[in-house]
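Beneath this line is the structure, given in structure tokens, with notes to follow.
The values are calculated or read from the model by the stated rules, or taken from the named source; none is laboratory data. The shown structure was predicted, so the numbers you read here are calculated from the model rather than taken from an experiment. Every residue, glycine as well, gets a Cβ built from its backbone with ideal geometry; the counts of neighbours run over all protein chains shown.
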Amino acid sequence: MESKVEIAIVGGSGLTGTELIKVLLNHRYAELEYITSRTYKGRKVSDIYPGINCSLEFVENIDNHQLKKADVLFLCLSPHDSMKYLKTVIGDYRGMVIDVGSDFRLKDTGDYKIWYGEEHLLSQLLSRFVYGLPEVHREDIKGAKYIANPGCYPTSVLLGLYPLLDSGLADIDSLVIDSKSGVSGAGRKLKEPYLFISLNENFYAYSATGHRHIGEIRLERIVPSITSMPGSFPIFAISSSIR
Ligand SMILES: NC(=O)c1ccc[n+]([C@@H]2O[C@H](COP(=O)([O-])OP(=O)(O)OC[C@H]3O[C@@H](n4cnc5c(N)ncnc54)[C@H](OP(=O)(O)O)[C@@H]3O)[C@@H](O)[C@H]2O)c1
């Protein structure tokens, strides 16, 4: 029997963290060891999320000794928090890192500053992160120690854009990307625009002057001009059309 891969998740009580827990519980080679949540420390995952059959307790922190035992560290943190966290542990931690957040997707610190508004704290690591879109970078992902998971909109757009551009069917000078999602992308935040009463039977555009995911799409496919208009409507999915 092959040995299991020991997993640590930082930010395990949010939207991506809980989806990740569900996936890993069904993975035959994954062994969940540590899941952090400052809010729910000491509480079982299944007590907070009864739909997830996991008796592990959330911990506030993973200490260095515990972290060293992990083969894979998943970061499910908001923009800027992944790099801040990784900066504190990278000196001691030698395992694999998969960032579900957005801190290691862009390769250029200038681009990061433009789209995310802060200086990058681990610029020396950017080139070592593989963009984790398996349909395109499968071979690179297989050997990677550091993986940056693609964003939600970029995944939905790039999977259409690659075949369209590779086949020469699209006029790259006049691409319009029209994406819509629910509010899952905002995670667990409690904000008035994300309440049922605000969302139900509603539809609104946002980031009309440029969503930060455009930088990520441009990096993967050099498209001179993208007109993008994200919108939000009450679903748990993303719909993207490319014209
Ligand atoms: N939501 C989506 O559909 C989606 C899709 C693809 C990618 N992403 C990206 O994935 C990342 C996580 O998004 P999310 O939606 O899962 O966020 P979220 O629901 O807000 O969850 C964030 C998690 O991080 C923890 N946390 C927050 N600040 C922390 C800190 N400073 N140190 C340690 N833990 C901290 C929170 O728990 P405690 O506060 O209890 O510790 C929570 O578990 C983001 O970068 C997002 O852009 C999101």
Please determine whether any residue of the stretch 77-84 is farther than 22 Å from Leu20 by Cβ, without any contact (Cβ under 8 Å) to a residue 40 or more places away in the chain and either within 15 Å of the ligand (Cβ to nearest atom) or touching a helix residue (DSSP H, G or I) at 6+ places or on another chain (Cβ under 7 Å) (or both). no
Out of the residues in the stretch 102-124 meeting the condition of being touching a residue at least 60 places away in the same chain (Cβ under 8 Å) and within 16 Å of the chain's Cα centre (by Cα), tell me which one is nearest to the ligand (Cβ to nearest atom). Ser102
The lone condition Val45 fails out of (1) in contact with a Ser or Thr (Cβ under 7 Å, 6 or more places away or on another chain); (2) buried (at least 18 other Cβ atoms within 10 Å of the Cβ) is (1)
With the checklist (1) touching a Gly at 6+ places or on another chain (Cβ under 7 Å); (2) hydroxyl-bearing (Ser, Thr, Tyr); (3) not in a helix (DSSP H, G or I) in hand, flag the one item Tyr93 doesn't pass. (1)
Could you list, in sequence order, the residues of the stretch 22-77 that are of a type in the set (Gly, Ala, Ser) and either in the same structural domain as Gly185 (by TED's automatic domain parsing) or outside any loop (DSSP other than H, G, I, E, B) (or both)? Ala30, Ser46
